[in-house]
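The values are calculated or read from the model by the stated rules, or taken from the named source; none is laboratory data. Being a predicted model, the structure only gives us computed values, none of them experimental. Because the Cβ atoms are built from the backbone with ideal geometry, glycine has one as well, and the counts that use them run over all protein chains shown.
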Amino acid sequence: MAPLKKVIVFGLGSHVKIIKEICELNNIKILGFISDKKIKVKKKNGLKNLGELNKFLKNSNQKNFSIIIGIGENLLRKKYFLLLKKKKFKFAKLIHPNSQISKTARIQVGSLVNSGVTINANASIGYNCIINTNSLLEHDVKIKDHCHICPGAKIGGGSEVQQSSLIGLGANVIDKIKIGKNVTVGAGSTIFKNLKHNSTYIGYSKKIK
Ligand SMILES: CC(C)(COP(=O)(O)OP(=O)(O)OC[C@H]1O[C@@H](n2cnc3c(N)ncnc32)[C@H](O)[C@@H]1OP(=O)(O)O)[C@@H](O)C(=O)NCCC(=O)NCCS
């Protein structure tokens, strides 16, 4: 966990509910949310509206907090991660206390690990990922930036999931597999061969798009 104890949230997807809970459990204060558009309400989902990004930047000291993106959709979360990185924001890393993470695993900032997750030896997780409830990442797994490993998904030892891919609810990926960039693996699928970039698979590695 990064030493920063204050965060702000960018955006307001339903993913924010998970962020709020993990922050509470870690005693991290959420100062409020910002967005790229002007939103008129003072509060939304219990979070104070800190205003539109550029205006907020003029009046705030970015050393006093870190930021986390409250958007579940990978490509949108990637877009805003790159924008906020350009604007020199520091990103938070949020880890649910009820997760098991090997001391030799590495997790980059901007990523969130939810309840019940197990991350085993020497696994690595890139920037801006969501590792969701009860998923399992075996030893030496590599999850690249902006991915979402959905609840209950299991990734076997040494497999790699490249940028912006989604491994659906309860899906299994056997060991030593390479999943390309921007791939969607459907819920409940079992993947036992390498998957090409920019495609969607269901069932037993069956390509549908
Ligand atoms: C794979 C997926 C992306 C396909 O979505 P889509 O492009 O909208 O496709 P459709 O719903 O039109 O389905 C296309 C066909 O695939 C089938 N299908 C869809 N998802 C499937 C799945 N996970 N397993 C098996 N078959 C599936 C549909 O029944 C349909 O079959 P049909 O043509 O015979 O009727 C989606 O169904 C899915 O599984 N997404 C993962 C979502 C998830 O895990 N979310 C968790 C968020 S926390």
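Points worth noting:
- Criterion violated by Ser164 - all others in (1) at pLDDT 95 or above; (2) farther than 26 Å from Ile22 by Cα; (3) more than 11 Å from the ligand (Cβ to nearest atom); (4) not charged (D, E, K, R) satisfied: (2)
- Residues in segment 75-111 that are charged (D, E, K, R) and within 17 Å of His148 (Cβ to Cβ): Arg77, Lys78, Lys79, Lys93.
- In segment 133-147, the residues that are within 13 Å of the ligand (Cβ to nearest atom) and free of Cβ contacts under 8 Å to residues at least 60 places away in the same chain: Thr133, Asn134, Ser135
- Against the criterion of being in the same structural domain as Ile167 (by TED's automatic domain parsing), under 23 Å from Ser165 (Cα atoms) and out of contact with any strand residue (DSSP E or B) (no Cβ under 7 Å at 6 or more places or on another chain), Ser115 qualifies.
- When residues of segment 148-161 are limited to those that are surrounded by fewer than 20 Cβ atoms within 10 Å (Cβ to Cβ) and more than 16 Å from the ligand (Cβ to nearest atom), the one nearest to the chain's Cα centre (by Cα): Glu160
- Qualifying residue in segment 190-208 (condition: crowded, with 17+ Cβ neighbours inside 10 Å, among the small types (Gly, Ala, Ser) and within 8 Å of the ligand (Cβ to nearest atom)): no
- Residues that are within 13 Å of the ligand (Cβ to nearest atom) and among the β-branched types (Val, Ile, Thr) were ranked within segment 173-189; the one that is surrounded by the most Cβ atoms within 10 Å (Cβ to Cβ) is Val185.
- Residues being of a type in the set (Gly, Ala, Ser), at pLDDT 95 or above, more than 13 Å from Val9 (Cα to Cα) and surrounded by 15 or more Cβ atoms within 10 Å (Cβ to Cβ) - total across segment 46-103: 1
- Flag if Gln108 is at pLDDT 95 or above, more than 20 Å from Ile68 (Cβ to Cβ) and not assigned by TED's automatic domain parsing to the domain that holds Ile28: no
- The numbered conditions (1) among the aliphatic types (A, V, I, L, M); (2) buried (at least 17 other Cβ atoms within 10 Å of the Cβ); (3) within 12 Å of the ligand (Cβ to nearest atom) are all true for Ile125 except (3).
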